[in-house]
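Quick notes on the structure that follows.
The values are calculated or read from the model by the stated rules, or taken from the named source; none is laboratory data. Treat the numbers as computed from the prediction; the structure is a model and nothing was measured. Counting neighbours? That spans all protein chains shown, and the Cβs are built from the backbone with ideal geometry, glycine included.
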Amino acid sequence: MQRLALNWRRQAARIGFVPTMGCLHAGHLSLVRRARRLAGPRGKVVVSIYVNPTQFGPREDFSRYPRDLARDVRLCREAGVDIVFAPTDEAMYPRPQGAGFSTCVVEECLSNRMEGASRPTHFRGVTTVVAKLFNIVQPDAAVFGAKDWQQAAIIKRMARDLKFPLKIVVAPTFREPDGLAMSSRNQYLAGDLRAQATVLWRSIQQARAVIRRSAKPLPARRLKTGLKKLIERESAARVDYIEFFHPETLVPAARVTRGTQLALAVFIGKTRLIDNAEL
Ligand code: AMP
């Protein structure tokens, strides 16, 4: 992949890149269309499909994460992707005797709260694998989804701090008609859990309505209590966190106004879902 990418670059082809864990849905495909626009008709679009073990915690769903490479490749072909890069674990984290993989990339400011607090080793896995993928794919532009807002902020910071010569683009969250953010993990939602899962979007809309009706900033604490109540009216829902914060710095906001970002993580049964939006 790296040799191919370096050759493309020598021929002045722009490379647009979409990193994914596969099990592709319409949200991923919207990122692919964005990557095509960024690369141009004569450029190259690369999608990586890699369920990265280092970003999963020991009690998370790594082994049962949905995988369907044949379907993903077909969807990528139909979407005009030039290359699907689907490396093996051995290629990404080689373990030759006595000289295994031992270098990591760690972002130390934006990574501590929210997803980082609930999943302590998660972002170190993400930044490490994304840095490796950038070196392998050599993109001019890489597209990430606003669905994973904190992840996108951390990748932007990493690219800036480490001088990766590429543009990071964040594309809007793609939703089901009832508002549920598309996610490979939605497949876990059996029976009426699927309907209960819409409570993430309903609580975002509720917060938005309250903020837009209010003439002055509102205390985050009070809003959180109200949203938690709304969410936990669903029998299978349990709030992991609700956070109001500045969209770029991710600094928590004590007072909430229009333009404050809201992010939430909620267990629906055993499935942990996240969503976020600007208020
Ligand atoms: P994943 O396969 O979950 O690691 O996601 C790969 C990329 O797709 C990440 O940049 C995600 O933020 C993005 N993504 C996932 N779901 C959505 C969605 N519903 N809308 C837009 N982007 C998404």
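Brief remarks on what is shown
- Residue pairs whose Cβ atoms lie under 6 Å apart, separated by 6 or more positions or on different chains, with the first residue in the range 115-134 and closer than 20 Å to Gln2 by Cα and the second β-branched (Val, Ile, Thr) and at pLDDT 95 or above, are Thr127/Val105; Thr128/Val105; Val130/Ile155; Ala131/Val105.
- Subset of the range 135-158 that is without any contact (Cβ under 8 Å) to a residue 60 or more places away in the chain and hydrophobic (A, V, I, L, M, F, W, C) - its residue that is surrounded by the most Cβ atoms within 10 Å (Cβ to Cβ): Ile155
- Test: residue in the range 203-224 that is modelled with pLDDT of 95 or more, surrounded by 19 or more Cβ atoms within 10 Å (Cβ to Cβ) and within 16 Å of the ligand (Cβ to nearest atom): yes
- Among the residues making up the range 193-202, those that are assigned to a helix (DSSP H, G or I), within 16 Å of the ligand (Cβ to nearest atom) and within 20 Å of the chain's Cα centre (by Cα) are Leu200, Trp201.
- Restricting Ala277, Ala254, Ala265, Ala236 to those that are over 21 Å from the mean Cα position of the chain (by Cα) and surrounded by 18 or more Cβ atoms within 10 Å (Cβ to Cβ) reduces the list to Ala236.
- Checking Ala12 against (1) of a type in the set (A, V, I, L, M); (2) out of contact with any strand residue (DSSP E or B) (no Cβ under 6 Å at 6 or more places or on another chain); (3) crowded, with 16+ Cβ neighbours inside 10 Å, the condition it does not meet: (3)
- Selection count where residues are near the ligand (Cβ under 9 Å from one of its atoms), over 25 Å from Glu60 (Cα atoms) and surrounded by 18 or more Cβ atoms within 10 Å (Cβ to Cβ), scope the range 161-192: 2
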